[in-house]
């Protein structure tokens, strides 16, 4: 049984307490003073962690409905555009609206996590370190989690209310989502991670708790987002060099720790057998056989499984044709920056007559190709649910093989207990490379990007069919200035951005990268113009600059605040 069960136990504790509250006559209540014991405070800390894995089938903390579906990486999928229509609104943008129920539930889910953190911190702060030796570490963990929840809210909604454990709950409703500026909110999020850096140990006894270097990584991510100064329409107006230098310093701390490395094979990041491996900086820790009915399993990806006998539902989060084409490589083994959409890779021969990056077959289920590293488990066209609308591909990173020990049926859906990586070491490397490039130090970024590319080139062993052959013609090489490229700042920037797409495709990051770089509108409308010629459901899709970079503030939340919350521009 994995140590990660601490998250599952929290859910069990909460669900059982709710059930009993409904079914039994109360015999008394727990006073605030009764909670101020190390044992009870530890339970509250665990409950705060539970929000990471306390997802529904619609509110994944991987953020794929927002970061992948809205980025050109993925189509909604399912039985058609009316199946989970809220997600269809996300995908085409023009019908996205403040009354969208899934948006409201995601807001509530993240603020529930913040509320649990604040409850736990209020209790931890009252304990004496002599009776609670873990005090500083637990404070650091809770500040890290609160920072992470606010980071998600900031990248989703931009303008959100901020409150900590020092504000009484009855006063939450008095805090506007415009009470502080965007820069001030970023600094409050940064302060959470700075506190965590100062108070967390370098090594945690229990798997799943963040350590000092996890906090270094998240602060680096915050500083990277802050470095791109934007106007009200979210166009980048300048680059903050000091913030970028801080990104480099923080990433160097993670790298120099010696605790992390790239996994030997790219695919190991998406297999339960290798979870909590060298590349895992921070992950949602799922579990099964932990005393709960189904386990603390990954519900956030449970609708992604294909429609074959071994699975059965529901074929959502479907890789786009544009994404598949992006994995093409040129004859010299470098990415194709232009022309990759001149022809579509669809048939089995298409993947043998053109060269590709191996990360394609770790990311996308393709007819005729082995599925989830089972050599004789070949993906079939019949596994697609609505191919006339969305094509035949399926997602892979978020799924478990049907014969894997982590796989779990929760009829009518499927799920697994394999971890979901929120921060990979590859993230840290490419954040550093991005900062170096924007500082005009692209030569220093070259070996970092090549390190990631070389790992991709070495990640083919698990992709063979049962007869030992490959279904795809792979060809990936590193950048070699003067031999196969001219490594200018502009070229390096293009290479970095392409590498991020190939490395993190379908992991929920893509739109947030596009928004950070200030190119979401031009990129997405170019994507719609091309992809709508292949997928008719995208013909009305359009990205409105200055609005669609962020989600609308949910109507329910504005009503709850009695109009105090201000709607985002354009909605």
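Each reported figure results from applying straightforward, stated rules to the coordinates on display, with no laboratory input. Computed from a prediction, not measured in an experiment: that's the story for all the values here. All Cβ positions, glycine included, derive from the backbone under ideal geometry; neighbour counts span all protein chains shown.
Spread over its residues, the convex hull of the C-alpha atoms of the stretch 444-502 is 91 Å³ per residue. For the stretch 70-163, the Cα gyration tensor yields ellipsoid semi-axes of 38, 12, 11 Å (square root of five times each eigenvalue, largest first, whole Å).
Note on residue 85 and residue 252: the extension gain reaches 55.8 nm, defined as 0.36 nm multiplied by sequence separation minus the Cα-Cα distance.
Relative to the dominant Cα principal axis of the chain, helix 241-256 is inclined by about 90°. What the pair-distance distribution of the chain shows, using all Cα-Cα distances binned every 20 Å from zero, is 21, 58, 21, 1 percent.
The label-point distance for residue 239 and residue 129, in a model that sets each label 7 Å from Cα toward Cβ, rounds to 4.1 nm. Across all directions, the shadow cast by the convex hull of the stretch 89-244 built on its C-alpha atoms averages 11.3 square nanometres. Note on residue 206 and residue 533: the extension gain reaches 112.6 nm, defined as 0.36 nm multiplied by sequence separation minus the Cα-Cα distance. Its residue count N fixes a reference of 2.2 N^0.38 Å for the stretch 425-544, and the Cα radius of gyration divided by that reference is 1.26. Note on the stretch 291-442: Cα-only Rg and Dmax are 17.7, 54 Å. Taking one quarter of the surface of the convex hull spanned by the alpha-carbon atoms of the stretch 86-127 gives a direction-averaged projected area of 3.3 nm². Note on the stretch 208-295: Rg/Rh from Cα positions, Kirkwood definition for Rh, rounded to two decimals, is 1.12.
Computed over every Cα-Cα pair of the stretch 250-357 and binned at 5 Å starting from 0, the pair-distance distribution P(r) comes out as 2, 9, 11, 12, 16, 16, 15, 10, 6, 2, 0 percent.
One chain, two ends: residue 181 and residue 198. Fully extended at 0.36 nm per residue, the span grows by 3.5 nm beyond their Cα-Cα distance. Secondary-structure-derived ellipticity at 222 nm for the chain, considering helices only, amounts to -13000 deg cm²/dmol, per-run term -39500 (n - 2.57) for DSSP H runs with n ≥ 4. Note that the stretch 493-571, at 4 °C in a medium of 1.567 mPa s, gets a Stokes-Einstein diffusion coefficient of 88 µm²/s from its Kirkwood radius over C-alpha pairs.
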